[in-house]
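Peer 1: For reference, the structure I am asking about is given below.
The values are calculated or read from the model by the stated rules, or taken from the named source; none is laboratory data. As the structure is a prediction and not an experimental result, all values here were calculated from the model. No Cβ is skipped: glycine too gets one built from the backbone with ideal geometry, and neighbour counts run over all protein chains shown. Quick note on the areas: whole protein, heavy atoms, side chains included, nothing else; ligands and nucleic acids left out. Shrake-Rupley method; radii C 1.70, N 1.55, O 1.52, S 1.80 Å.
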Amino acid sequence: MAIVPLTGVALKLNVLSKLSDQLESTEKMPLLFLGHGNPMNAIEDNVFVEGFKNVAKTLANPKAILCISAHWETKGTFVTAMEMPRTIHDFGGFPQALFDVQYPAKGSFELAKETQQLITKTQIELDYEWGLDHGSWSVVKHLYPNADIPIIQMSIDYSQPASYHYELAKELAALRRKGILIIGSGNMVHNLRMAAWDQMKAPGYAYEWATEANEKMKKLILDGDHQPLIDYRSQGKAFDLAIPTPEHYLPLLYTLALQEKNEEVSLFNDYLIAGSLNMMSLKIG
């Protein structure tokens, strides 16, 4: 009987059969939400970068990273599945040194497929075009500067409400016990139209409404009271000004949704800048 060579489909099935072996059970990984702020944080040495580096010292090396970035909005939900995601410089008007930065981490088809299989709330599509936008690489490079941890991104479906994203995120829970570090990257208070750009390098400079929103968010997070954060459009004018559009806020909900009972939250980089932006970041677990 002739031996038939493996076709492309058969090879793909062979890869999938190894998923359970490659993503074996581990100790539960922590969760992060990172306020990524100005893209220049990627190449500057400042108080925010120090915060990222300090939290990195508390993290074990994961098998891979799943990042939900504010800068990848789509209709429907996608995960990157390419072998080598490109470094996307999705900004303008910055020094050439920032555009020269590359973060050559590998992707993970295995993690992309595992994520696709875990989520039942919607159909997850595999993406081979996107890569790593600055919401991802500009902060992850401070956690793992050697780019030696595989990383994928999951997009944000802009057509869905906050409650949808919170519930979808819960379906990722099993990944925490398979060595996957899940990171949400955005900014909780993010109103660029009202920013005082001349105060960008003055941590602590804030409008009253930004301080009010920041403090209320912080209390709700520390109290584990997520419902008001999901219902952010019902929290008054300060929240409306802090979150004029949802894309930078929603990654927070992906992180909070995965918090388990009695898991502690630690805050860092709790600074307001430029009047209308905050850099508050958090670690769960």
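Peer 1: So which residue, out of Ala64, Ala173, Ala97, gets the largest mean-square fluctuation from a GNM of the chain using Cα contacts under 10 Å as springs?
Peer 2: Fluctuation is largest for Ala97.
Peer 1: Applying a 10 Å radius around every beta-carbon, put 184-190, 147-153, 45-51 in order of their mean neighbour count, most first.
Peer 2: Most protected by this proxy first, the peptides run 184-190, 147-153, 45-51.
Peer 1: Next question. 7 Å from Cα along Cα→Cβ at both Glu50 and Asp90: what's the point-to-point distance in nm?
Peer 2: Using points 7 Å along Cα→Cβ, the separation is 3.0 nm.
Peer 1: Skip the ligands, DNA and RNA, and give the accessible area per residue of the chain with a 1.4 Å probe, whole Å². Working shown, then result.
Peer 2: Details: 12810 Å² over 285 residues.
Averaged over the residues of the chain, the accessible area is 45 Å².
Peer 1: Leaving out ligands, DNA and RNA, and with a 1.4 Å probe, what % of the accessible surface on the chain is carbon or sulfur? Could the numbers behind the result be given before it?
Peer 2: Working: 6640 of 12810 Å².
The nonpolar share, carbon plus sulfur, comes to 52 percent.
Peer 1: Output the antiparallel fraction of DSSP beta bridges having both residues in the chain, as a percent to the nearest 5.
Peer 2: Bridges in the chain that DSSP calls antiparallel: roughly 30 percent.
Peer 1: Using a Förster distance of 35 Å, how high is the FRET efficiency between Met194 and Glu263, based on the Cβ-Cβ distance and rounded to 0.05?
Peer 2: Once the sixth-power term is evaluated, E becomes 0.55.
Peer 1: May I ask for the net charge around Ala162, where only other residues with Cβ less than 11 Å from the Cβ of Ala162 are counted and Lys, Arg are +1 while Asp, Glu are -1? Working shown, then result.
Peer 2: On the way: positive: Arg233; negative: Glu167, Asp231.
After counting each charged neighbour, the total is -1.
Peer 1: Residues of region 62-97 with amide nitrogen under 18 Å from the 7 Å Cα-to-Cβ point of Tyr128?
Peer 2: Of the residues in region 62-97, 78-87 have backbone N under 18 Å from the label point off Tyr128.
Peer 1: Another one. If you average the sequence gap of Cα pairs under 8 Å that are 6 or more apart and divide by the length of the chain, what percent do you get for the contact order?
Peer 2: Worked out over the chain, it gives 29 percent.
Peer 1: Right, another one. How many angstrom lie between the C-alpha centres of region 48-112 and region 137-182?
Peer 2: Their Cα centres are 10 Å away from one another.
Peer 1: Shifting gears a bit: Where Lys and Arg each count +1 and Asp and Glu each count -1, what net charge lies around Phe91 among other residues with Cβ under 14 Å from its Cβ? Working shown, then result.
Peer 2: Values: positive: none; negative: Asp90, Asp100, Asp133.
Overall, the nearby charge balance is -3.
Peer 1: Return one number: the angle in degrees, 0 to 90 and rounded to the nearest 10, between the long axis of the Cα atoms of helix 109-118 and the longest principal axis of the Cα atoms of the chain.
Peer 2: 80
Peer 1: I need the Debye-formula profile for the chain: one equal scatterer per C-alpha, no solvent, reported as log10 I(q)/I(0) at q = 0.09, 0.10 1/Å, two decimals.
Peer 2: Log10 I(q)/I(0), no solvent term: -0.41, -0.51.
Peer 1: While we're on this one: Once you list every other residue whose beta carbon is under 13 Å from the beta carbon of His142, what net charge do they have if Lys and Arg are +1 and Asp and Glu are -1?
Peer 2: Once positives and negatives cancel, what remains is 0.
Peer 1: Report, by chain and number, residues whose modeled amide H sits under 5 Å from the one on Asp270, excluding near sequence neighbours (fewer than 5 apart, same chain).
Peer 2: Placed amide hydrogens put Ser281 under 5 Å from Asp270.
Peer 1: Residues in region 215-250, backbone N under 13 Å from the label point at Glu208 (7 Å along the Cα-to-beta-carbon vector): list them, ranges by number please.
Peer 2: 238
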